[in-house]
Amino acid sequence: MNDAFYSFLIPSYNESDNILLIHQALTDELEKLHCSYEILFVDDGSKDDTFIKIHQLATEHDEVKYVSFTRNFGKEAALLAGLRHARGDAVIMMDADLQHPTYLIGDLIEGYEEGFNQVVAKRNRDGDSRIRSFLSKMYYKWIDQVTDVKLKDGEGDFRLLSRKAVEAVLELSEGNRFSKGLFSWIGFEKKIIYYRNHIRGNGDSKWSYRKLINYGIEGIVSFNQKPLRICLYGGLIIMFLALLYIFLMFVQIIRTGIEVPGYFSIISSVLFLGGVQLVSLGIIGEYVGRIYAETKRRPHYLIRDTNMDRDL
């Protein structure tokens, strides 16, 4: 290994059962690699004793650093805080639930030594439910067609970023963050490492279907203006069809006289146009809501406690 200093960034929310395990797994692996490192835990306002476990590790091990939020601000805020505080020449992001195998760390570092600014661990879907796998596959297939950045199924937060890549991400200061899109947007040379999916050992997943759907919407809206364009094109098409319908009805009235309007045609037209309007307003509302949130300029997170000198 080279003389680079590595930061291991681990966002943690209600991961009390895994904190000591992930630390042990990391230190065991890093002893084999003989590299300099720090392990940075970001406690995202956990409600269990996650922070107590982290604080205990920090008092016993100098390489353990921590940042603790005043409340739960979300994983995106935790990643941002970790990147801001990480001091390494390269930052390796991992989940605390042990689903990111530590034996890949050597491969990630090897990719960095080869000159890559991003080294990404890409997993398959082994062990996921069929419904979740199908929805994920369809989502990534569709989002790849409509967004301005390229997102690949299986490429998540488990990756290495060089210091140059970290600084590029930190220059993107938007409030509504979608890290997968940001990592793709900054570019840089990227190496992919493949591995089999690992099932969570302890605790429950923090990603419900509702949170996954909201996260998916965030990805679509954050890097894409096409829904607004779809609203425009859809409105023009519907207006054209409505004018065509009016013209045909006018011709029919001239030829056959006035007939009693049918209930079906009226109600179907009203419901269809009303639905299109509501969907369009919903899409516009997503963008307006994000504009509103950005104009308030609130901080991404608030820190309750940290043992690091750099306070950002």
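So here's what we get for this one:
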read-out	value
Rounded to whole Hz, the Karplus (6.51, -1.76, 1.60) HN-Hα couplings of the stretch 69-85, x for glycine and proline	7, 6, 7, 7, 9, x, 5, 4, 5, 5, 5, 4, 4, x, 5, 5, 8
Added length on full extension, which subtracts the Cα-Cα distance from 0.36 nm per residue, SER173 to ASP309	46.8 nm
Difference of contour (0.36 nm per residue) and Cα-Cα distance, LEU302 to ASP107	66.8 nm
Ranking of ARG159, ARG298, ARG123 by count of other Cβ atoms within 10 Å, fewest first	ARG298, ARG123, ARG159
Per-pair calculated FRET efficiency, R0 = 35 Å: SER269 and THR70 via Cβ, rounded to 0.05	0.10
Convex hull of the stretch 1-116 built on C-alpha atoms - directionally averaged projected area, nm²	6.7 nm²
5 angstrom amide H check on ASP48, placed H, neighbours 5+ away	ASN14
Sorted by Cβ density within 10 Å, fewest first, the residues THR306, THR70	THR70, THR306
Relative packing of 94-100, 112-118, which averages over residues the other C-beta atoms within 10 Å, highest first	94-100, 112-118
Built amide H within the under 5 Å cut-off of GLU38, gap 5+	TYR6, SER7, PHE8
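Computed from the coordinates by the stated procedures, all read-outs in this text should not be read as laboratory data. A quick note: this is a predicted structure, and the numbers were derived from the prediction, not measured. So basically every Cβ, Gly included, is an ideal-geometry build from the backbone, and we count neighbours across all protein chains shown.
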